1. Across the Cα atoms of the chain, what radius of gyration and what greatest pairwise Cα-Cα distance (Dmax) are found, in Å?
2. Based on DSSP, what percent of beta bridges with both residues in the chain are antiparallel, to the nearest 5?
3. Take the Cα atoms of region 41-103, find their three principal axes, and give me the spread along each one in whole Å, biggest first.
4. Post the alpha-carbon centroid distance, region 84-117 to region 3-79, in whole angstrom.
5. For region 61-70, just list the computed ³J(HN,Hα) in residue order, Karplus coefficients 6.51, -1.76 and 1.60, θ = phi - 60°, integers in Hz, with x standing in for Gly and Pro.
6. Given H placed on each backbone N at 1.01 Å, which residues far from Gly137 in sequence or on other chains put an amide H within less than 5 Å of it?
7. Show me, for region 92-97, the HN-Hα J-couplings you get by feeding each phi into the Karplus relation (A = 6.51, B = -1.76, C = 1.60, θ = phi - 60°), rounded to Hz, glycine and proline as x.
8. Using alpha-carbon pairs under 8 Å, 6+ residues apart, how would you state the relative contact order of the chain in percent?
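Bear in mind that the values in this text are calculations on the coordinates, not laboratory data. Just so it is clear, the structure is predicted and the values come from calculations on it, not from any experiment. Please note: Cβ atoms are built from the backbone with ideal geometry, for glycine as well, and neighbour counts cover all protein chains shown.
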Amino acid sequence: MLKNIDPLLNADILYALAAMGHGDEVVICDAHFPADSVARRTVLGRVLRVDGASAPRAVRAVLSVLPLDTFVDDPASRMEIVGDATALPAVQREAQREVDDASGRELPLAPIERFAFYERAKNAYCVIATGEARGYGCFIFKKGVMLAADEPEAAHGGTR
C-alpha cells in the first residue's frame, strides 16, 4: 500500500501516468468504447483497466495525481453526443464536477465529435477502460507540468 494514492490507481496505471510527459494524453472510457482496439494504437499499446469503477470515479482518481495542461485552451475533453453536441448526460456532468474539483476552477469539458474522438484517442499515451455502463462516459485529458515551489508560473506560460 502507498499513502495518499487513490486505490483505483493500480501499478500499471501509476506507471503509465508517471511515464507520460507534458502534452501527452490519457483516455478514460466507458465499457462501450472500443478500448482494446484503440489502445493497441496508443503509445503504451495495451488497455489499462479499472472495471469496477464508474468513469467519473476514474476521472477523480487520475486527476488526483495528473496535472492538467495550462498551456492549452482545452486540457479536458468529452465525447459529444451524436446528434446533440451540447447535451451533457449525467455521466458527463458528474465527470465535469470531478474536473472542476481537481483543477480548483470551472474548466468545461470540450466536446469532440465521436469519430474525431476515436481518432484522437489512438494518438493518446494510454487508454484506461472503466466499468461505466452509461454511454458517453469517455474523456481525454492532457498532462501538464508540476511547478517547483520556487518557480514562477510565468516561466511555464502561466495558467489560464
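1. Here Rg and the maximum Cα pair distance are 14.9, 48 Å.
2. Values: 9 of 20 bridges.
The answer is about 45 percent antiparallel.
3. 32, 27, 24
4. When both Cα centres are located, 15 Å separates them.
5. Computed from phi, the couplings for region 61-70 are 4, 5, 6, 6, 10, 9, x, 7, 5, 9 Hz.
6. The answer is Asp30.
7. 6, 5, 5, 5, 4, 4
8. On the way: 297 pairs, mean separation 67.6, N = 160.
Once normalised by length, the contact order is 42 percent.
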